[in-house]
Every structure is written in C-alpha cells, then in structure tokens.
Amino acid sequence: MSSKWLFANAFLLEFGSLLSLLDGSASLLAALIFCLMHGAACLCLTAGMWPFLPRRYRQPLPWSGLFLFSLAFFIPVLGVLGVALAVFPALYFPRRQVSDVWKQTAIPELPFRASEPDMRSMMSAGGLHDVLRHALNPNKRLSAILATRRMSSREAIPILKLALKDPADDVRLLAYSMLDAQESGINLKIKNLLADLHAAPAEQRALLNASLAQHYWELVYLGLAQGSVLEHMLQCAREHIEKAVGERSAAEDWLLCGRIALEQQRLMAAQEAFAQAEALGMDVSQVASYRAEVAFICRRFDEVPGWLAQLNPEDRQRLPFSALARYWQCP
C-alpha cells in the first residue's frame, strides 16, 4: 500500500471526523463515528509514517508504532496534523551535522637514530622512592620496581623493601620475588661452598673460608638480614674469615675481617685488621674511609681529616665522601 495513499486517507478521515462533530448532533452514535474515524486516521498515519523513521527508532515493535498512534489519537483535533508537522520536517530537513573535532593524522615515521635514555633519571634512588610513595597508578610503581634491575643491589634493595608495603598485590609480589631471588642466590652459593668445604683438601680451605665469609657479609651488606639473623650472619662471616686469615696472608681477607669487626663494633680488632691489610700491600686509599670511621667512633676527631684526605680524588668527589670531605676539611 502506497504511503501517499495512507497519508491521504489519514487526513481525509481526520477531516471527516471533524465534520461529524460539526453537524450539531450530540448523540452517542456521533461520538462513536468520530472515534472510529479518528482512530482509523491515526492508524493510517502511523502505518504510513513508520517506514520513514530511522532504523534505530523503529525498534522495538510494537512500541515505536504505538507511540506514534498514541500521540495522534489522544489529541483529537490537532493530533494527526501535529504529528505530521513534527515528524516530516525532521525527516526531510535534518539538523546539520557537526564537523569532527579531531583531525586524522598519519603515523609518524621512526626517528633516524634512537634517542639515548637518561640512565641517571632511570636509576635515581630518590626518584624511584618518590614514585613508590606518591604514584597513584600501580603500573608506574611496577615500572619503578623493574627499573631497580639496572641498579646495584646495594641501592635496589631499600627500594624493594619499600615496595613490600605497597597496597597493590602485584607490586608487593614483584618486589618480594626480586628480593627472594637475590637472597636465594646467595644462600645457594653458601650451601654449595659449605658442601665443598667438608671435602676440600687443606690447601683449598683458606680460599673456601674466605669465599664463605664474603657471601655471609654480602647478606649483611645488602641488608637482607636483620635482627638475630643479622647477628648470626656476622658471626658466621667472622668465624670463616678468621679461619682464612689464619691459613693465608691476603690483604683482601684482612680488609673483610676489619669491616666485619667494625660492623660488630669491635673497634680495636677492626683497627688492627685494617693496619694488617695495609702492611700486606693494600693501598691506603682503600682503607682510609674505614680508618676514618673508626677514628670518629673512638672520638679521635683530629685523625678524621687526615684519613679522608688519603682517599682517591675521584672518591672524594662522590657521595657520601664529597660532603664529608668538605665538612672535615673546612678551616
């Protein structure tokens, strides 16, 4: 059935319904005739107009058609005309489309040469601490933890320990796994060395004891041992290094012996060990910082500038020695 025929019938029926009211008759039959003709007009208007609606407005059936029929039917005089005047201008004169607010651009070409990353900013301990404390995005905190793989273990472990307090499970688990990997690796080396020590000949025991002391000290130095475990590790390192220096004369062994004694606050033993390391040929610049620390703890402050002055010029320019050297060398 043609839509034009439906529209024509709708207007003719609506016009006829209005004429039935104007004949002056107030009978029930006249009201019934008006309702039938008005309903038929609304039905023809709905059937003719529904195919012209946009696809998204045709669904769901039958509610879209019933909505048009209700608008026209419940406004007896102006319903059909009002719906037609409201719908047809919108269909034939749609609103002007707003131009796109974004501009499509082509994918830029890769640079001729890759830019060099700033390693100082990537491995800045202070910067990573700030990211872990203040970054709201967990992915940024994960990136900060992964950046510690480019740092020395001594600098990375405090950052990983801070990450163990992170509210995000992924951040905590990653930090724990990286800490556990470092500790497990050192413990595995200690286990293997202890097994080798029991079956080693006498001439190899000094080397194995020195290696064991070095690994025990590494757990302490990296901060992987705390509390009673820390005391146990220091005692194990002391026992093995004392066995090593009793069987061979090596300046490196005496230096480690002095560092362990200094950590245990055995100042006299530390001072004697450092002096023995110097006597065996170790350069004074390698023990100067430890000798200065012993002098400071023993309150021999007049000796501190002299020991700091014997550091290598490069070491005196690095933290923390640069600030210490400036302070103690002030007139």
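A few comments on the model shown:
- Flag if SER249 is of a type in the set (Ser, Thr, Tyr), outside the structural domain of VAL294 (by TED's automatic domain parsing) and in a helix (DSSP H, G or I): no
Let's see how each residue does on (1) in contact with a Lys or Arg (Cβ under 6 Å, 6 or more places away or on another chain); (2) at pLDDT below 90; (3) in a loop (DSSP other than H, G, I, E, B); (4) assigned by TED's automatic domain parsing to the domain that holds SER249:
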position	(1), (2), (3), (4)
LEU136	no, yes, yes, yes
SER143	no, yes, no, yes
LEU174	no, yes, no, yes
MET178	no, yes, no, yes
LEU224	no, yes, yes, yes
LEU230	no, yes, no, yes
LEU234	no, no, no, yes
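- Test: residue in region 226-233 that is in contact (Cβ under 8 Å) with a residue 12 or more places away in the chain and surrounded by 15 or more Cβ atoms within 10 Å (Cβ to Cβ): yes
- Residues that are among the hydrophobic types (A, V, I, L, M, F, W, C) and surrounded by fewer than 17 Cβ atoms within 10 Å (Cβ to Cβ) within region 175-185 comprise just one, ALA181.
The values are calculated or read from the model by the stated rules, or taken from the named source; none is laboratory data. The structure displayed is predicted, hence computed values, not measured ones. With ideal geometry, Cβ positions are generated from the backbone for all residues, glycine too; neighbour counts draw on all protein chains shown.
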